[in-house]
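Student: Structure in structure tokens, see below.
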Amino acid sequence: MKWRKLGKIFDPTEHVLPNRCVEFAQSPQTLVMADRVRVYFSTRERDSVGKYLSHVAYADFSRDMSHLLGVSSQTVLPLGGLGCFDEHGIFPFNVLQDGERVLAYTTGWNRKVSVSVDAAIGLAISQDGGETFQRHGTGPIMAASLREPFLVGDAFVQYYGDTYHMWYIYGSRWQKFSESEPPDRVYKIAHATSTDGIMWRRDGRQIIQDRLNDDECQALPTVICVDGVFHMYFCYRQAHGFRQESSRAYRIGYARSNDLAEWVRDDTAAGIDVSADGWDSKMQCYPHVFGCDGKIYLLYNGNEFGRHGFGLAMLEA
């Protein structure tokens, strides 16, 4: 796989976004429409005590991704209510056209006391072509379980044959690497299946082998089928020190499969890496692969976890 970088295509600071959001356009995820490509992303506002809240917004592009057509002017999906799994934010927001409706698999997060956050996967449904969404119930459809004890999220869902397939992450542990710093999380990629997109079968098995060490963090899988082979892109990093050292920060990883369940990892075949300088020189994270009009594109975030927007690459070979 070989990608040609087309540069950063969206900066949230250059637009007026709903919910008083002024920074971050994280985890871009697409809905390919008849006349445009809608890119959903998570952006942030500060609450009354100065802490972040994550909201969903979108930007519409022409189908060749060369022109920005506009940005959302209203709330796509409000945050959850008091005590809910998505009370403090939704990030990321993965969408799937499902007949006349659009399904959105949300990662809702809420603040904790002993650790910073917990997360679970929710479902919202749009009946107006992806303009607004309504929750399929107040609670999550997938949350922590016996074998997946923390931080269930980052769902990416596709429909193959008569089965919905979900690739997602789960937290395996929280760990203190330094007495003077808060605990860091460790999370891995897993796979689940469903016949209705609501009730999911899972076994809590890590499907992407570690490359760095047992503490490797793997996030945001995205899958596309090309010539009968399934290709997964994801991001990975060290569990500690990733905010201070670029060498420990997120990079984009790659794996391939013939059956959607067993994957062979080979990051050297990813075909993309950090730039020598610029907006994606210190980090690449939150990839999303999609096809449109015979071309395959890769959206991703760069430095500072998408604080300054997202960029685009196109598959050449």
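The values are calculated or read from the model by the stated rules, or taken from the named source; none is laboratory data. Quick caveat: nothing in here was measured; it's all calculated off a predicted structure. Cβ placement follows ideal geometry from the backbone for every residue including glycine, while neighbour counts extend to all protein chains displayed.
Student: Does segment 257-286 hold any residues that are surrounded by 14 or more Cβ atoms within 10 Å (Cβ to Cβ) and in contact with a helix residue (DSSP H, G or I) (Cβ under 8 Å, 6 or more places away or on another chain), and which are they?
Tutor: 274, 279, 280, 282, 283, 285, 286 - these are the residues of segment 257-286 that are surrounded by 14 or more Cβ atoms within 10 Å (Cβ to Cβ) and in contact with a helix residue (DSSP H, G or I) (Cβ under 8 Å, 6 or more places away or on another chain).
Student: Tell me the residue from 41, 85 that is modelled with pLDDT of 95 or more and either within 17 Å of the chain's Cα centre (by Cα) or more than 29 Å from residue 186 (Cβ to Cβ) (or both), please.
Tutor: The unique qualifying residue is 41.
Student: Looking at segment 180-253, what strands (runs of 3 or more DSSP E) fall wholly within it and have at least 3 residues that are modelled with pLDDT of 95 or more and of a type in the set (Ser, Thr, Tyr)?
Tutor: Passing ranges, in order: 184-194.
Student: Determine whether residue 197 is touching a residue at least 40 places away in the same chain (Cβ under 8 Å), surrounded by fewer than 21 Cβ atoms within 10 Å (Cβ to Cβ), small (Gly, Ala, Ser) and closer than 17 Å to residue 95 by Cα.
Tutor: So residue 197 passes the test.
Student: Here's another thing I want to ask about it. I'd like the residue in segment 280-317 that is among the charged types (D, E, K, R) and in a loop (DSSP other than H, G, I, E, B) and, out of all such residues, is modelled with the lowest pLDDT.
Tutor: 316
Student: Do any residues in segment 1-25 that are more than 17 Å from residue 288 (Cβ to Cβ) have Cβ atoms under 9 Å from those of residues that are assigned to a helix (DSSP H, G or I), where the two are at least six apart or on different chains, and which pairs are they?
Tutor: These pairs meet every condition: 21/12; 22/12; 22/13; 23/12; 23/13.
For (1) farther than 22 Å from residue 94 by Cα; (2) without any contact (Cβ under 8 Å) to a residue 24 or more places away in the chain; (3) of a type in the set (Asp, Glu); (4) surrounded by fewer than 15 Cβ atoms within 10 Å (Cβ to Cβ), each residue gets a yes or a no:
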site: 154; (1), (2), (3), (4): no, no, yes, no
site: 160; (1), (2), (3), (4): no, no, no, yes
site: 165; (1), (2), (3), (4): no, no, no, no
site: 204; (1), (2), (3), (4): no, no, no, no
site: 215; (1), (2), (3), (4): yes, no, yes, no
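Student: Can residue 135 be described as among the charged types (D, E, K, R) and within 28 Å of residue 38 (Cβ to Cβ)?
Tutor: So residue 135 passes the test.
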